[in-house]
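The values are calculated or read from the model by the stated rules, or taken from the named source; none is laboratory data. Fair warning: this is a prediction, and the values are worked out from it, not measured in the lab. FYI the Cβ positions are ideal-geometry reconstructions off the backbone, even for glycines, and counts take in every protein chain you see. Side chains included, ligands, DNA and RNA excluded: accessible areas come from the protein's heavy atoms. Shrake-Rupley method; radii C 1.70, N 1.55, O 1.52, S 1.80 Å.
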Amino acid sequence: MYFEKHRLTMRFEAKRCGVCFTPPSIVLIYVNTETNKVRKRIIPVRSFSQYSDYRLAAERLKNHPRHKNYLQAVSQSQLERLHILLRDHLQGISLECSLASLQVDPDEDLNKLDDDVLARKKSHMDELFEKNRTRREDPDFVYDLEVDFGKAADEKCSWDEESNDGF
């Protein structure tokens with residue numbers, strides 16, 4: 001007797017992705033597009049410590065045969081950020097501090113940050129740049145776009161004042 005295995009290809013649409021600290025896991029809320037049912041999948045994060053490389057762990061999780069169909073719509077950078085939160089929790093860093101290190105404050109002096117936090121902020125800025133970037137293929141692309149930002153109020157500075165030195 002010969003049995004042929006049929007593998008049903010299911011389509012999943014990720015809606016939300018988060019992290020659970022105890023036990024360490026990634027929580028995915030998704031919709032099964034064939035049945036239109038909302039489901040929750042808890043993906044355990046195994047062999048991950050406070051010294052683990054979050055990029056490698058996120059890549060392994062995304063390519064894992066059991067989870068890759070569910071995580072197709074989740075970006076690699078989002079999985080990396082979730083692994084950063086998990087690693088920071090294992091290191092004893094509060095959730096507020098960890099989330100603050102992932103945000104970019106325009107008034108913050110990036111020269112005063114340590115290398116790890118600076119790398120996080122730079123990757124977040126790169127991601128925002130790629131998201132907002134207009135390419136030639138985009139329908140709203142305009143070549144040689146000129147934008148007038150208006151005149152800012154002229155602020156007087158001590159070095160702007162004319163000196164009596166004759167220069």
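Kindly indicate whether any position in the range 43-53 is closer than 16 Å to Ser77 by Cα, surrounded by 11 or more Cβ atoms within 10 Å (Cβ to Cβ) and at pLDDT below 95. Yes, because at least one residue in the range 43-53 is closer than 16 Å to Ser77 by Cα, surrounded by 11 or more Cβ atoms within 10 Å (Cβ to Cβ) and at pLDDT below 95. Before we move on, is Ser47 free of Cβ contacts under 8 Å to residues at least 24 places away in the same chain, closer than 17 Å to Leu102 by Cβ and out of contact with any Gly (no Cβ under 8 Å at 6 or more places or on another chain)? So Ser47 fails the test.
Taking the range 101-127 as the range and being in contact with a helix residue (DSSP H, G or I) (Cβ under 9 Å, 6 or more places away or on another chain) and aliphatic (A, V, I, L, M) as the test, the residues that pass are Leu102, Val104, Leu110, Leu113, Val117, Leu118. Could you tell me whether the range 110-127 includes any residue that is open to solvent by 70 Å² or more (accessible area, probe 1.4 Å), modelled with pLDDT of 80 or more and over 29 Å from Cys20 (Cβ atoms)? Yes, some residue in the range 110-127 is open to solvent by 70 Å² or more (accessible area, probe 1.4 Å), modelled with pLDDT of 80 or more and over 29 Å from Cys20 (Cβ atoms).
What residue, of Leu79, Leu102, is of a type outside the set (Phe, Trp, Tyr), surrounded by 12 or more Cβ atoms within 10 Å (Cβ to Cβ), without any contact (Cβ under 8 Å) to a residue 24 or more places away in the chain and out of contact with any Gly (no Cβ under 9 Å at 6 or more places or on another chain)? After ruling out the rest, the residue left standing is Leu102.
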